[in-house]
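A.B. asks: If you scroll down you'll find the structure; I have some questions about it.
Derivation of every value follows stated rules applied to the coordinates shown; laboratory data play no part. Since the model is a prediction, treat every value here as computed from it, not as a measurement. Positions of Cβ are generated from backbone atoms using ideal geometry, with glycine treated the same way; all protein chains shown enter the neighbour counts.
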Amino acid sequence: MNVSLYRLASLLLAIASAFAVSACEAAPPQAAGKPAASAHGAHAAQVVHVHKDANCGCCNGWIAHMRAAGFTVMAHDSADMVAVKQRLGIPLSQASCHTAEVGGYVLEGHVPAADVQRLLREKPAARGLVLPGMPVGSPGMESPDGRRDAFTVALLGKDGTLQPYARHP
């Protein structure tokens with residue numbers, strides 16, 4: 001990608017991140033301060049490193065979801081999420097508000113813990129899982145009225161290709 005296209009993509013992601021932070025701040029508060037649940041299987045030994053904006057409330061909701069599923073989570077606030085996503089090979093078209101690393105894989109967005117557990121169990125030859133945007137009803141994006149949008153988590157291949165991994169009605 002030439003320099004001007006990269007700058008345009010970075011600008012668009014920065015604008016999208018600003019909207020995401022606004023949406024995160026509007027999300028209902030989650031129990032981010034709750035202690036982690038007891039370990040459930042081999043995935044509990046996996047440490048999830050989450051890169052997020054310091055002001056994003058929905059990221060804390062996703063972190064609470066992962067902890068409740070038995071994962072150990074380390075949150076890292078970043079002022080430059082574009083650089084994090086670029087370093088980890090996340091296509092800008094698949095960007096969400098936070099990016100995580102676990103077991104040699106990347107996770108982009110509000111990926112459900114059950115999908116992460118499956119990924120770590122099956123160990124596909126892939127870069128990781130992506131859930132672009134911030135679907136209502138995904139972990140950390142719960143709606144007070146219980147509304148849920150259907151969404152599909154995609155497997156991000158090492159070559160950047162995407163294929164459906166898990167559908168959530």
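A.B. asks: Which distance in nm do the two modelled labels at LYS158 and ASN55 give, with both placed 7 Å along the Cα-to-Cβ direction?
C.D. replies: Taking the two extended label points, one gets 4.0 nm.
A.B. asks: Mind checking which aspartates and glutamates have their Cα closer than 20 Å to the Cα of LYS158? Skip sequence neighbours fewer than 8 apart in that chain.
C.D. replies: Straight-distance partners of LYS158: GLU101, GLU108, ASP115, GLU122.
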